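Have a look at the structure below, then the notes.
The values are calculated or read from the model by the stated rules, or taken from the named source; none is laboratory data. Just so you know, these numbers come straight off a predicted model, no measurement behind them. Positions of Cβ are generated from backbone atoms using ideal geometry, with glycine treated the same way; all protein chains shown enter the neighbour counts.
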Amino acid sequence: MNLSENALTVLKARYLLKDEAGNIIETPEQMFGRVARTISSAEENYSGNLSFWEEKFFRIMTDLRFLPNSPALMNAGKEIGQLAACFVLPVDDSMEGIFNTLKYAALILQSGGGTGFSFSKLRPRADKVRSTGGVASGPVSFMKVYNSATEVIKQGGARRGANMGILRIDHPDILEFIKIKREEKELANFNISVAVTDAFMQALKNNGEYELVNPRTRKVSGRIKAKEIFNELIESAWRTGDPGIIFIDRINAANPTPHIGTIESTNPCGEQPLLPYEACVLGSLNISKYVKERKFHQNKSYAIDVNNFNWDVLQDDIKTAVRFLDNSIDVNKYPVPEIEEMHKGNRKIGIGVMGWADALILLGIPYDHKSALDFAGTVMKFIRDKAREASIELASQRGSFPNFKGSIYDQQGLPGIRNATTTTIAPTGTLSIIADCSSGIEPLFAIAYKRYALEMELTEINKYFLEIINKEGLYNETLMEKVKRTGSLKGIKEIPLKIKKLFKTAHEISPEKHIEMQARFQEFTDNAVSKTINMPHKAKKEDVARAFMLAYEKGCKGITIFRYGTAKKGTLMKFADTD
């Protein structure tokens, strides 16, 4: 197993087991062995071959073809034993409900999970509180309480607390929510998103008004021009990157178990819509591992050679990944009983991808070329279809997920399926460092940069760029200094145009192409897609507005924009020559 220097740094800092004195007591191989052994132990429940699957799980991880979400790597085989990354908790409109949820959130965050909340059920600011005769302080005030609690929870020393806070666009306090993160220090431990309805989008297109609804009384409390709210939303997103948007009606249209409940929120990065008390285990396939021969810039027509992609190995790995994640549900130690009941009821898993930008480079195709967009759909359709086939096969051996009757699959006449969902595109932040590949479906952030992960600074120079300029006889220290200075190849005359096209960075790709890539993956993804729509600092508010509208038109389930140089926390990278 060949691990990069940065991968070893990250593993030593957060993943490898330590004794009470803080000394590392396992190697990376032993870590993967610990995970494989724990996950394969579920085979005992189904008369499976433990040693066979332990070896298979070990190989797929040590070859860096597939990695499960971080809590699985950190906690498998330990007393804490919590393996899921994504959770959603309900926030009910009572003091008891609000603080019970906060207690559950603390347990989840401590175990390495991330939590999403919808605050849409909370009565608005200045509404009546019958029990005390006073007035309500509103959703935003309680979000601040949750934020403060998260600040003091260090997730067992493994991961810092992460939350998603969501408010419906028709909540009377929506303006306060939209504006809250314009203040630099507010809700630093939250990503926030507005749950946008189809009714709002229709009013926006017609330049009309829409209704605000008091969640306590369920009565209309006012009407407001959609354009007025949209403009404030654009202003905040342009300034800070928050809030993002989720298209809540579209998400619920794809809810596989509507008879069990309505989806109100997502996990912290937005890729996993979940019912209240639901969890999901995620894992990602490193797509760059399935490219047979490196084409680099030899691919003059930018055509996809489907024979240069190892579909057979990918199919087998998808099948292994489905079994791995399904096993994870059985061996998981849940922090809250209600979550265990919901997760085992729907058995949601989410297989995604990382190394996408790397795969395109190896195939010799620019990220924003039509061939790359078409191939995205081809690859994700293959993953979705094979994941479902594997889940159906598992159901024939182990039974369907318990809430199958009444689900969309039951209504479609499917005899059974093991998992209510099988695909999710996660951001793969630290996982992609371990796998030494590009993150999620994102383009390269930069060719050379300093990356901040787990409170550490990691220097990265793209290995494929180094390989190609050495192959072409272009490498020299002067050239590398130019690349390090800006992080991109733009304006460097010594670099041929063909190579520049292949190594375009995130800010050189138009928002429209970013959104198109997200939409191509979303079409064949059960859950949602984590993708940042990068914009240069000079981007105008009109560009943000256009991006939001385009995401809706293209069928995305949500959108997050980030204008370079704005105040949003989580800007984890900067160029290599800066401090």
Failed item in (1) at pLDDT 95 or above; (2) surrounded by fewer than 24 Cβ atoms within 10 Å (Cβ to Cβ); (3) within 18 Å of ALA528 (Cβ to Cβ), with GLY429 passing the rest: (1)
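Within the stretch 103-142, can you find the residues that are part of a helix (DSSP H, G or I) and crowded, with 23+ Cβ neighbours inside 10 Å? If you could, list the steps in order and put the result at the bottom.
Filtering the stretch 103-142 down to residues part of a helix (DSSP H, G or I) leaves 103-110, 139-142.
Selection gives ALA105, ILE108, LEU109, PRO139.
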field: Flag for ILE234 being at pLDDT 95 or above and either at negative phi or touching a Phe, Trp or Tyr at 6+ places or on another chain (Cβ under 7 Å) (or both)
entry: yes
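Here is a list: ILE361, ILE365. Which entry is in contact (Cβ under 8 Å) with a residue 40 or more places away in the chain, closer than 20 Å to THR428 by Cβ and surrounded by 24 or more Cβ atoms within 10 Å (Cβ to Cβ)? First the steps, then the outcome.
On the way: ILE365 fails: closer than 20 Å to THR428 by Cβ.
Unique residue meeting the criteria: ILE361.
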- request: Of the numbered conditions (1) surrounded by fewer than 20 Cβ atoms within 10 Å (Cβ to Cβ); (2) closer than 26 Å to ARG384 by Cα, ASP526 fails exactly one; give the number of that condition.
  value: (1)
- prompt: Within the bounds of the stretch 183-192, is there any residue that is closer than 18 Å to ASP93 by Cα and surrounded by 15 or more Cβ atoms within 10 Å (Cβ to Cβ)?
  reply: no
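Name the one entry in TYR302, TYR277 that is hydroxyl-bearing (Ser, Thr, Tyr), touching a His at 6+ places or on another chain (Cβ under 9 Å) and either closer than 18 Å to ALA76 by Cα or modelled with pLDDT of 95 or more (or both).
Details: TYR302 fails: either closer than 18 Å to ALA76 by Cα or modelled with pLDDT of 95 or more (or both).
Just one listed residue meets the conditions, TYR277.
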task: State all residues of the stretch 290-331 that are of a type in the set (Gly, Ala, Ser) and touching a strand residue (DSSP E or B) at 6+ places or on another chain (Cβ under 8 Å); if no residue qualifies, say none.
output: ALA321, SER328
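In the stretch 16-53, what residues are part of a helix (DSSP H, G or I), without any contact (Cβ under 8 Å) to a residue 60 or more places away in the chain and not charged (D, E, K, R)? Before the answer, list the steps.
Here is the first cut: in the stretch 16-53, the residues part of a helix (DSSP H, G or I) are 28-46, 50-53.
If we keep only those that are without any contact (Cβ under 8 Å) to a residue 60 or more places away in the chain as well, we get 28-37, 44, 50-52.
The answer is PRO28, GLN30, MET31, PHE32, GLY33, VAL35, ALA36, LEU50, SER51, PHE52.
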task: Mind listing just one residue for me: the one in the stretch 224-251 that is in contact with an Asp or Glu (Cβ under 9 Å, 6 or more places away or on another chain) and β-branched (Val, Ile, Thr) and, of those, farthest from PHE190 (Cα to Cα)?
output: ILE224
statement: When ALA253 is run through (1) small (Gly, Ala, Ser); (2) free of Cβ contacts under 8 Å to residues at least 60 places away in the same chain; (3) surrounded by 21 or more Cβ atoms within 10 Å (Cβ to Cβ), the failure sits at (3)
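Scan the stretch 320-330 and give yes if some residue there is within 26 Å of ALA519 (Cβ to Cβ), in contact (Cβ under 8 Å) with a residue 12 or more places away in the chain and either out of contact with any Pro (no Cβ under 8 Å at 6 or more places or on another chain) or of a type in the set (Phe, Trp, Tyr) (or both), otherwise no. Walk me through how you get there before you give the answer.
Going through the stretch 320-330, the residues within 26 Å of ALA519 (Cβ to Cβ) turn out to be 321-322, 325.
In the following step, the residues that additionally are in contact (Cβ under 8 Å) with a residue 12 or more places away in the chain were identified as 321-322, 325.
Filter again for either out of contact with any Pro (no Cβ under 8 Å at 6 or more places or on another chain) or of a type in the set (Phe, Trp, Tyr) (or both), leaving 321-322.
Among the residues of the stretch 320-330, at least one is within 26 Å of ALA519 (Cβ to Cβ), in contact (Cβ under 8 Å) with a residue 12 or more places away in the chain and either out of contact with any Pro (no Cβ under 8 Å at 6 or more places or on another chain) or of a type in the set (Phe, Trp, Tyr) (or both), which makes the answer yes.
Considering only residues that are in a loop (DSSP other than H, G, I, E, B) and over 16 Å from TYR15 (Cβ atoms), look in the stretch 54-78 and name the one that is nearest to the chain's Cα centre (by Cα). Give the derivation first.
Of the residues in the stretch 54-78, the ones in a loop (DSSP other than H, G, I, E, B) are 63-65, 69, 76-78.
Those left that are additionally over 16 Å from TYR15 (Cβ atoms): 63, 65.
Values: ASP63: 23, ARG65: 18 Å.
Among them, the one singled out is ARG65.
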- prompt: Can you spot a residue in the stretch 315-330 that is surrounded by fewer than 22 Cβ atoms within 10 Å (Cβ to Cβ), assigned by TED's automatic domain parsing to the domain that holds ALA279, farther than 17 Å from PHE66 by Cα and in contact with a helix residue (DSSP H, G or I) (Cβ under 9 Å, 6 or more places away or on another chain)?
  reply: yes
- request: Give the residue that is farthest from ARG323 (Cα to Cα), with candidates limited to residues of the stretch 1-15 that are more than 24 Å from the chain's Cα centre (by Cα) and in a loop (DSSP other than H, G, I, E, B).
  value: ASN2
- prompt: What do you reckon, is GLU271 within 28 Å of ILE98 (Cα to Cα), crowded, with 21+ Cβ neighbours inside 10 Å and among the acidic types (Asp, Glu)?
  reply: yes
message: Among the residues that make up the stretch 435-445, is at least one of them over 30 Å from LYS12 (Cβ atoms), part of a helix (DSSP H, G or I) and of a type outside the set (S, T, N, Q)?
response: no
query: Considering only helices (runs of 4 or more DSSP H) fully contained in the stretch 276-380, which possess at least 1 residues that are closer than 23 Å to GLY440 by Cα and under 24 Å from the mean Cα position of the chain (by Cα)?
result: 311-331, 356-363
- prompt: In the stretch 211-239, what count of residues is obtained for those that are touching a residue at least 40 places away in the same chain (Cβ under 8 Å), among the hydroxyl-bearing types (Ser, Thr, Tyr) and closer than 20 Å to ASP127 by Cβ?
  reply: 1
field: Residue, farthest from the chain's Cα centre (by Cα), within the stretch 487-513, restricted to residues that are touching a residue at least 40 places away in the same chain (Cβ under 8 Å) and assigned to a helix (DSSP H, G or I)
entry: LYS498
